[in-house]
1. For the range 411-424, state whether one or more residues are more than 20 Å from PRO325 (Cα to Cα) and without any contact (Cβ under 8 Å) to a residue 24 or more places away in the chain.
2. Among the residues of the range 489-520, which ones are under 24 Å from GLU477 (Cα atoms) and in contact with a Gly (Cβ under 8 Å, 6 or more places away or on another chain)?
3. Among the listed residues GLY467, GLY492, identify the single one that is touching a residue at least 60 places away in the same chain (Cβ under 8 Å) and either touching a His at 6+ places or on another chain (Cβ under 7 Å) or within 17 Å of SER429 (Cβ to Cβ) (or both).
4. When you look at ASP400, is it at pLDDT 80 or above, of a type in the set (D, E, K, R) and closer than 27 Å to PHE537 by Cα, yes or no?
5. Would you check if ARG527 is farther than 19 Å from ALA382 by Cα, part of a helix (DSSP H, G or I) and either under 25 Å from the mean Cα position of the chain (by Cα) or hydroxyl-bearing (Ser, Thr, Tyr) (or both)?
6. Hey, among the residues in the range 128-140 that are in contact with a helix residue (DSSP H, G or I) (Cβ under 8 Å, 6 or more places away or on another chain) and assigned to a loop (DSSP other than H, G, I, E, B), which one's nearest to LEU58 (Cα to Cα)?
7. Quick one: how many residues across the range 17-36 are in contact with a helix residue (DSSP H, G or I) (Cβ under 7 Å, 6 or more places away or on another chain) and at pLDDT 95 or above?
8. How many of the residues making up the range 297-337 are over 29 Å from SER146 (Cα atoms) and not basic (Lys, Arg)?
Amino acid sequence: MDDADIAAFVQWFQSSGGSIDTKVMGIADVPRSGRGAIAMCDIPEGYTIFTLPRAITLSTRTSPLPALFGFDAWRAHRLHKGWVGLILCMMWEDAWTHELDVVDRDRQSQDNIQTKWGPYMRTLPTTFDTPMFWSSEELEELRGTSVVDKIGREDAERAYSEQLVPAIKTAPNLFPPSHHGKWYTLDAYHRAGSRILSRSFTVHRWKDDDEIEEDKDRDGVAEESGASEVEDPHPNTFTESSTHVGDAHSPSPLLDDTNEELNSDSEDDEDDPSDVAMVPMADLLNARWGSENAKLFYEPFVLRMVTTKKVKQGEQIFNTYGDPPNSDLLRRYGHVDLVRIHSPSRDSTPDRLEDVEMKDCDTDVETILRLGNPSDVVEVRADLIVHVVQRSNFSSKMKDVHTRIEWWLGEGEDDTFVLSLPGPGSALSAILPPALISLIRLIIMPEGDFKSARSKGKLPKGHFKKGDVKDSKQVLEILDEVLNQCEGMYIGGSVEDDERLLSLPETLAERKRHAVIARLGEKRILRDVRQRIRMMFAELSVTSRTEFGDEKDNTRRDNVGEDGGKAGSNRKRVVNGREGGSEWKRARK
């Protein structure tokens, strides 16, 4: 970015009520990361780097466009639902920001067109490397991962043609026909949507004190849109150069609700689209696995970026939310993270990324074996489980499968289950989501047991039953085949095939390399979980032979003790894994 653009943006930020401590934070181009924020000196924990008034965040709540368009018309085109309205606001700002550069600026006042965010719009990226912009051949390299299904290109383009295009044609004063072919194209729509996906935050409206007491977990920290981590620390700053709440630049909180009438009908919505906002200056900070050292907090009047740990001079200031898996990083931002990970043969723990970042020269297989994203996950769909059971020896029990699935979903259970990278020595029971085990049991249980369970309103247990070897082996047999079919969905062959491919960087384009890294992380999870399934299955087989016997000579020993009485009261049954669900992670929807 040109220095002039940076200078103009910082000047606009400060003149609009923002405050930045330029003694501690600078903006620079970072190798391999693009533009980012750099610590100009050692920064202590809890230090406020910059603040900005809520009024200069860009959302459907603060943009003048919904009011100019007309609230009734805005609703009629369904622009108050989802991201379409915010995308249109950003496209409109982008159009007039650049068009007013080449026309008489008096026209801005004549047409009542406001370009409040012009200097900010010029700082936003114009190209993206996310899968939304990949070719079909490039997307094929992601086959098997959940990335392709989550891109949502078809849904986005349907919203563009059915909502946005008809809307702009009804207001030529706001959207001149001469702008349509340049600023309101499908490519421009995808570009604006990608800006939101990669750079927006969820900033809830500030609540009254009594409401805050009821919902403390949701107030205090601004989330990346779609993130789930929320806190309410309200950190205190302690240096003279820090900016405090209530300073002269702080606007009235009423300025945050420009379009209160438009948003009044979404008060009760769990996800209010008007909460999604572009936050100038905050979106300059990059994100990287395990490197977070700052967070954006919101208060009644302002938002503030505060360090969450000490930052050394020259280090990047990172604002990371939840350390996402590579599948999410690639879909949202167009990059992947590589850190040192543990493996079944190593009792190591993840290190900071900057210590092990993969360089072009570090492409030997041994290095690749040690690198990955510890947050990678595999999503297992419930319909695949049903498919496997229908083609197994348990298919005779599937006459009422639709009834069983309807009951499952009616109880609020998940239709997708998440597997993560097993830690060294992790028991299988600590890896598998309880709901996954419960669903398998529900599908294969005899009809009479199902009717009894439904009448009692009790779903099957989500853990392996001690002593019930037959049940555990049935569950494991189905689960192993489910994961086997998951492995077969990926392109590129085995884990070892992809690792060898990464060791030949000169043959890989950047997008293919990212795709290989993303799918490799998921293949490793499937491989390691299946290894543990086979180990547990083998242990159960030993237990079965030991306890129940495979030969007739064992029958008497099973039924009669050494003293002629009944045996079994002191017998110890062994099943690998831990009982109970307290250590499991609940599957995400």
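The values are calculated or read from the model by the stated rules, or taken from the named source; none is laboratory data. Fair warning: this is a prediction, and the values are worked out from it, not measured in the lab. Using ideal geometry, Cβ is built from the backbone for each residue, glycine included, and neighbour counts are taken over all protein chains shown.
1. The answer is yes; a qualifying residue exists.
2. The answer is MET489, TYR490.
3. Exactly one of GLY467, GLY492 is touching a residue at least 60 places away in the same chain (Cβ under 8 Å) and either touching a His at 6+ places or on another chain (Cβ under 7 Å) or within 17 Å of SER429 (Cβ to Cβ) (or both), namely GLY467.
4. When the stated conditions are applied, ASP400 does not pass them.
5. yes
6. Initially, the range 128-140 is screened for residues in contact with a helix residue (DSSP H, G or I) (Cβ under 8 Å, 6 or more places away or on another chain), giving 128-134, 138-139.
In the following step, the residues that additionally are assigned to a loop (DSSP other than H, G, I, E, B) were identified as 128-130, 134.
Details: PHE128: 21, ASP129: 24, THR130: 23, TRP134: 28 Å.
The selected residue is PHE128.
7. Total meeting the criteria: 3.
8. Residues meeting the conditions: 17.
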